[in-house]
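Heads up, the thing below is written out as structure tokens.
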Amino acid sequence: FKVLIKKLDREIMNDANTRNISASGLLFNYQEALDINALVIVRFIKPNSFDFFESKARVVRVELLPDNKTYCVGVEFIDLTKEEEKKLNYYVIK
């Protein structure tokens, strides 16, 4: 599904396509490389619901895909409470 990614030094949020999601992070395809340890804001509608989710996340993985213009980016959520993790996990595995 689609997510919005915002670099902290920009006002604009860019679209990305998810590859994998869990209560601890997200893997997505993105049109530009992000620096490892960079902080971003991630926003999306929780799977199987109409509730919005937004979190600060740290980039932990960046890999150039075979098309040589798209990156596979992995981020881990950094400001979730245990309760928010449980709620997100509920939507993800539902």
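The values are calculated or read from the model by the stated rules, or taken from the named source; none is laboratory data. These figures come from a predicted structure and were not determined experimentally. Methodologically, a virtual Cβ is constructed for each residue, glycine included, from the backbone with ideal geometry; neighbour enumeration extends over all protein chains shown.
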Run I93 past the list (1) crowded, with 17+ Cβ neighbours inside 10 Å; (2) modelled with pLDDT under 95 and report the number of the one that doesn't hold. (1)
With the condition kept exactly as written, say whether any residue in segment 55-78 is of a type in the set (F, W, Y) and without any contact (Cβ under 8 Å) to a residue 24 or more places away in the chain. no
Could you give me the residue pairs with C-beta distances under 6 Å whose first residue belongs to segment 39-53 and is under 15 Å from S22 (Cα atoms), whose second residue is of a type in the set (K, R) wherever it lies, and which are 6+ apart or on separate chains? N48/K94; F53/K46
